[in-house]
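Remarks on the structure that follows.
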Amino acid sequence: MNRKNSLAELSDPKGTPPAYLVLPMVSLGSAALSLYLCDIWVGKAGGLPLYNSVATIPENEVGLVLGTAPTVNDGRKNRFFTARMQAAAQLYHAGKVKALLLSGHARAGGYDEPTAMQRELAALGVPEKATVLDKAGIRTFDSIVRAKMIYGLDRFTIVSQEFHNRRALFLSRRFQLQAIALNAESVIAVRPVRARFRETLARASAVLDVYLLDSAPEFLGAPRAFRVSV
C-alpha cells in the first residue's frame with residue numbers, strides 16, 4: 001500500500017476527517033480553551049488587592065501563611081518556602097499583623113509543613129506564641145475554607161508568591177472573605193514551564209471546586225477559636 005492510499009483511508013470521500021479523529025481534536029481544543037479561560041479568570045485575583053511591599057499593605061489582625069515543602073527533592077532548602085517565611089516575618093515585625101495562621105500539609109512519616117514554618121519563623125524572630133498551626137491545609141482551597149469555617153476568620157492577609165496569592169484571593173472572594181495578600185519574593189522555578197502548567201491546572205481545579213463540584217476540605221472538624229498570646 002502506497003502513502004497516498006494510506007492517507008486516503010483516514011478521510012471520507014468528501015475529504016472530511018472521520019469522526020474518530022475529529023471528536024478527540026474538538027475535545028482537546030475545548031479542554032485547552034477551558035484551561036486558558038480559567039487561568040485568566042483566576043489570575044484576576046477576584047478583584048481583591050495584592051501588595052508587593054510591607055510598607056504599603058494595610059494592617060490586619062491575622063496573616064494566613066500558605067504552606068509548601070521546606071526542602072526540595074535533593075534536600076536543599078525550597079526557595080519558595082524561604083521567601084514566604086521571610087515575607088511573613090517582615091509582616092509580623094512591621095506590626096501589620098498580630099498573629100500568623102500557618103496552614104499546610106502534615107502527614108505520617110514526619111512531613112509537617114506548619115511545624116517547619118513555625119520553626120523557620122522562630123529563627124526569624126517571630127515568637128511561637130504568635131503562631132497557630134493548621135495541619136489540615138492540604139490544598140489552598142482547604143486553607144482558605146478552614147480559615148473561615150474552623151478558625152472563624154473573615155479578614156486576613158495571605159502570604160505567598162504572587163501566582164499563588166491570585167488563586168487564594170479568587171477562592172477568598174468566592175467565600176465572601178475580606179482578604180488581601182502580600183507577595184513574597186518571586187522565585188524562578190527549576191522547571192518554569194512545568195511549574196506554570198501546574199499552576200494553570202491548579203487554577204482550573206479552583207474553578208471546578210467552587211462552581212461545579214461544590215467541594216469541601218478533606219478535613220474539617222469542630223470550629224475552634226483563634227487564640228494567640230500576644
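Quick notes
- Three principal axis lengths of the stretch 49-212 [C-alpha, angstrom, descending]: 40, 37, 32
- Relative contact order (%) - the stretch 73-198, alpha-carbon pairs under 8 angstrom, separation at least six: 24
- Each of Arg173, Arg76 was scored by other Cβ atoms within 10 Å of its Cβ. Listed from fewest to most, they are Arg76, Arg173.
- Label-point separation in nm, Gln86 to Leu220, each point 7 Å along Cα→Cβ: 3.9
- Order of Ser30, Ser143, Ser205 under a 10 Å beta carbon neighbour criterion, fewest first: Ser30, Ser205, Ser143
- Ordered by the count of other Cβ atoms within 10 Å of each Cβ, fewest first, Val207, Val132 give Val132, Val207.
- Within-14-Å neighbourhood charge of Gly63 [Cβ basis; K, R +1; D, E -1]: +1
- A crude spin-label estimate for the pair Glu61 and Lys98, with each label 7 Å from Cα along the Cβ direction, gives 0.7 nm.
- Using the Cβ-Cβ distance between Val72 and Thr115 with R0 set to 22 Å, the FRET efficiency from 1/(1 + (r/R0)^6) comes to roughly 0.75.
No value in this document is a laboratory result; all are computed from the given coordinates. Every value quoted in this text rests on a predicted model; they were computed, and no experiment measured them. In this analysis, Cβ positions are derived from the backbone assuming ideal geometry, glycine residues included, and neighbour counts consider all displayed protein chains.
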